[in-house]
Amino acid sequence: MMGIDGAVAFLTGWGGMHGWAMATAAVVSAAAAVVGSLLVVRRMSLIGDAISHAVLPGIVVGVLLGGRPGGPLATAGAVVAALVTVWLAELLRSKGRLSEDAAAGVVFTTLFAAGVALLSAAASRVDADPGCVLYGMLELVPFDVVELAGVEIPRAFLTGVVVLVSLLVALWSTWRWQVATAFDTDAAAVVGIPARAMTVGLLCATAVVTVASFEAVGAVIVVAMLVVPAATAELLATTLVGLMLMATGLAVTAAGGGYLVAWQLETNAAGMIAAVLGVGYGVAILVSREGILARVSSMLRLRWRVVCEDVLAAAWRAEETGQAVPGTSRRGVALVAAWWLERRGRLLPGLVLSPQGRLEAEMVVRSHRLWETWLGRHVGLPLDHLHPPAEWIEHYLGAEMRQRLEQEMATLADPHGSAIPPER
Amino acid sequence: MSAPPLLELHDVTVAYHGRPVLWHVDLAVQSPCLFGIIGPNGAGKSTLIKAALGIVPLVEGWVHFWGKPLDQVRGRVGYVPQRESVDWDFPVRAIDVVLMGTYHRLGWLRRVGRAEREFAQACLDRVGMADFATRQIGRLSGGQQQRVFLARALAQQAEIYFLDEPLAGVDAQSQQQIFRVLSELRDEGKLVLIVHHDLRTAASWFDRVALVDMRLVAAGPTADVLSRENLARTYSGHHEVLDELGRAVEAGRRTP
């Protein structure tokens with residue numbers, strides 16, 4: 001067991017400062033991922049983006065009034081700025097006939113610009129550098145420490161932990177209200193849930209998390225931390241709790257991984273963390289339940305089934321007419337399918353049907369002829385148009401549907417006069 | 001050989017996200033007329049004309065105008081979309097919208113001239129909207145907006161027109177005006193196809209109709225097609241089979 005002392009030794013000992021920097025990035029990312037999960041499922045990512053930028057003037061004013069960049073005064077300023085942002089954007093939308101995205105775009109860029117201007121003008125008086133505002137200074141975090149119970153702990157880490165814990169407590173105590181509001185705000189409000197307070201609370205939490213992560217990762221990268229882990233988790237998770245846990249896990253993993261990669265490549269850590277998050281999203285698109293890989297594989301399986309069934313049906317028709325199996329079953333993919341069907345005991349050598357193969361082939365032909373009959377009766381296609389649609393649909397009709405069609409059609413032959421094989 | 005039909009759809013099948021919603025439509029219109037496309041909600045009426053106009057891709061089949069694919073006859077085919085499909089806050093005036101109908105004749109770099117302006121004004125006049133030329137389109141009533149759309153189609157001087165629910169949610173005066181203009185177009189030898197949902201008016205307004213419910217149920221002269229039997233087949237929810245099959249095709253598996 002490593003124990004608390006061991007953990008502290010690891011975090012402080014390894015390379016002197018990397019441990020603390022990584023821990024800070026992880027805590028801050030986790031907090032952002034939790035808030036971001038609610039923003040993403042409520043389709044409010046854009047407003048999260050807006051708030052994370054618009055809090056800048058609030059922070060600067062807080063600092064000018066004597067606070068520290070991550071301190072209570074700056075946090076209060078940020079929350080005020082966040083609420084002003086949302087209120088202004090809503091005002092522009094309702095009174096200025098702007099769409100929601102344009103309204104948010106107008107407000108947050110204006111406020112962010114004001115913040116940058118204010119910061120530059122006051123740079124000599126406050127301890128903050130405009131460059132850090134954009135992409136943070138994670139590498140320098142371990143040098144600004146406070147002493148707690150005899151251990152020197154980076155201030156940013158401490159801030160992050162306080163924010164994360166208060167966030168989790170707030171979320172835990174209002175969980176059902178949050179879920180109900182997120183899912184259906186109007187219905188929640190009607191049954192007496194303080195939906196409006198939940199929304200305002202979420203916006204304030206976004207502002208607080210942004211302030212906490214400002215020092216570490218800056219205003220631009222924090223957007224990635226709010227949105228990307230939750231967006232990735234949304235592809236993979238089926239419950240809100242699962243989504244939040246997964247987003248948090250992804251965020252912490254990316255924080256550690258991104259930091260290590262950045263250290264190896266000697267580049268900006270916050271930027272690399274965001275890049276790792278982006279790569280994670282790309283992977284999720286590939287492997288998620290309805291992702292690219294799943295779709296491609298299900299398409300290939302379908303194609304394969306169609307080829308196999310076509311080979312079987314061709315052999316069955318050859319038996320019916322007493323003619324040779326057509327050449328299309330002896331070429332290309334069909335040849336591979338025939339070999340496979342032989343191995344699976346559906347075909348005997350020479351494209352002859354086994355009893356099991358005959359049964360399956362018969363059901364394909366039955367589907368084909370039933371569908372031709374149905375189309376002839378209900379879609380009014382001419383006789384010579386019936387075959388191609390049936391070639392397509394024969395692979396999709398199940399036993400129940402075939403029975404239903406047969407009962408409705410009440411005929412033993414298809415429109416071309418061929419007998420419809422009975423269900424077996 | 002006789003002349004090819006004005007419009008011919010051959011075995012047209014359309015799918016949204018892999019799920020077929022319109023199956024094997026075979027339809028030919030030989031001569032100019034007012035042609036109603038009729039069916040219940042969700043029957044695929046709008047999809048049918050969007051497929052004909054190449055707005056949604058076909059899974060199967062082809063569409064010909066005068067025996068040629070649409071790409072060879074663009075400009076001769078006009079389209080009036082559903083009113084809801086347009087952003088009415090867009091900063092244009094009625095006359096500007098109508099002028100857009102003339103753009104395809106202007107080509108590259110040529111600017112709108114006096115001739116186009118006068119013609120656009122005349123088109124507005126024809127739909128009874130001459131006094132509203134400089135009004136921002138969002139400040140027109142629903143019926144007026146629809147008439148401006150119709151004026152844009154007139155300005156295009158097409159020979160085949162597709163209109164998607166031009167009479168839905170429109171005041172009585174606008175309805176009359178629109179219907180009068182459409183009849184005039186027919187009398188000038190143009191083919192006018194109209195997606196329409198109101199059976200009561202369909203019988204008196206259209207020369208020919210097509211009944212659609214995920215497939216073409218029947219098409220031909222209005223009196224023949226609007227029979228009790230055909231209507232029952234269109235409105236009795238007979239598309240359950242197609243619905244279930246469509247879901248199976250979308251999922252790539254068999255039905256139960």
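Since every read-out is calculated from the coordinates, none of them should be taken as a lab result. It should be emphasised that the depicted structure is a prediction, and the values quoted were computed from it without experimental measurement. Note: ideal-geometry Cβ built from the backbone for every residue, glycine included; neighbour counts use all protein chains shown.
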B:Gln30-B:Tyr235 pseudo-label distance in nm [points 7 Å out on the Cα-to-Cβ vector]: 3.0
Inter-label distance, nm, simple model (7 Å from Cα along the C-beta direction), A:Glu423/B:Ser204: 4.9
Residue among B:Pro20, B:Leu9, A:Trp371 farthest towards the positive dipole end of the protein assembly as shown, charges placed on Cβ: B:Leu9
Theoretical gain in end-to-end length, B:Ala172 to B:Arg135 [0.36 nm per residue, Cα-Cα removed]: 11.2 nm
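With N residues in the protein assembly as shown, what two-decimal value do you get for its Cα radius of gyration over 2.2 N^0.38 Å?
For the protein assembly as shown, the normalised Cα radius of gyration is 1.28.
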Dipole magnitude (debye, nearest 20) for chain A, charges at Cβ of Lys, Arg, Asp, Glu: 540
Whole-angstrom Cα spans of the stretch A:3-229 along principal axes, big to small: 55, 43, 28
Sum of side-chain charges, B:Val56 neighbourhood, beta-carbon under 15 Å (Lys, Arg +1; Asp, Glu -1): +1
Part-to-part distance (alpha-carbon centres) for the stretch B:1-59 and the stretch A:46-111, which is given in Å: 51
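Of all trypsin sites (Lys or Arg not before Pro) in the stretch A:340-407, which ones are in loop regions per DSSP and have a Cβ with at most 16 other Cβ atoms within 10 Å? Intermediate results must be reported in sequence, preceding the final value.
On the way: sites: A:Arg343, A:Arg344, A:Arg346, A:Arg358, A:Arg366, A:Arg369, A:Arg377, A:Arg402, A:Arg404; in loops: A:Arg344, A:Arg346.
Answer by residue number: A:Arg344.
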Length-normalised contact order of the stretch A:3-229 in % [C-alpha pairs under 8 Å, at least 6 apart]: 33
Global geometry of the stretch A:294-409, whether rounded, prolate or oblate, following the gyration tensor of its Cα atoms and the 1.5 cut on a/c: prolate
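Name the GluC sites (Glu not before Pro) in the stretch A:233-308 that are in a loop by DSSP and that have at most 11 other C-beta atoms within 10 Å, would you? Working shown, then result.
Values: sites: A:Glu234, A:Glu266, A:Glu290; in loops: A:Glu266, A:Glu290.
Qualifying residues, ordered by number: A:Glu266, A:Glu290.
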Mean Cα-pair separation over length for chain A, i.e. relative contact order, pairs under 8 Å, 6 or more apart, %: 16
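What number, in percent, do you get for the relative contact order of chain B if the mean sequence gap of Cα pairs under 8 Å and at least 6 apart is divided by its residue count? Walk me through the numbers on the way to the answer.
Working: 456 pairs, mean separation 69.7, N = 256.
It rounds to 27 percent for chain B.
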Average beta carbon contacts from partner chains per residue of A:369-379, 10 Å cutoff: 3
Positive-end extreme of charge dipole, the stretch A:3-229 - chosen from A:Gly218, A:Pro69, A:Leu202 (charges on Cβ): A:Leu202
Euclidean distance between Cα centres, the stretch B:216-243 to the stretch A:310-351, Å: 41
Fewest-first ranking of A:His368, A:His18, using other Cβ atoms within 10 Å as the exposure measure: A:His18, A:His368
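Return A:Met272, A:Met299 ranked ascending by Cβ neighbour count within 10 Å, so the fewest neighbours appear first. Before the final figure, lay out each step's value.
Values: A:Met272 22, A:Met299 12.
Ranked by crowding around the Cβ, least crowded first: A:Met299, A:Met272.
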The stretch A:3-229, dipole about Cα centre (Lys/Arg Cβ +1, Asp/Glu Cβ -1), debye to the nearest 20: 660
Selection from B:Val212, B:Gly36, A:Ala410 lying farthest towards where the dipole of the protein assembly as shown points positive, charges on Cβ: B:Gly36
Lys, Arg +1 and Asp, Glu -1 on Cβ, resulting dipole of the stretch A:134-230 about Cα centre, debye, nearest 20: 340
For A:Arg43, B:Arg93, order by how many other beta-carbon atoms lie within 10 Å, fewest first: A:Arg43, B:Arg93
29 Å Cα-Cα reach of B:Lys50 towards lysines, excluding residues that sit fewer than 8 places from it in its own chain: B:Lys68, B:Lys190
Difference of contour (0.36 nm per residue) and Cα-Cα distance, A:Glu147 to A:Asp184: 8.7 nm
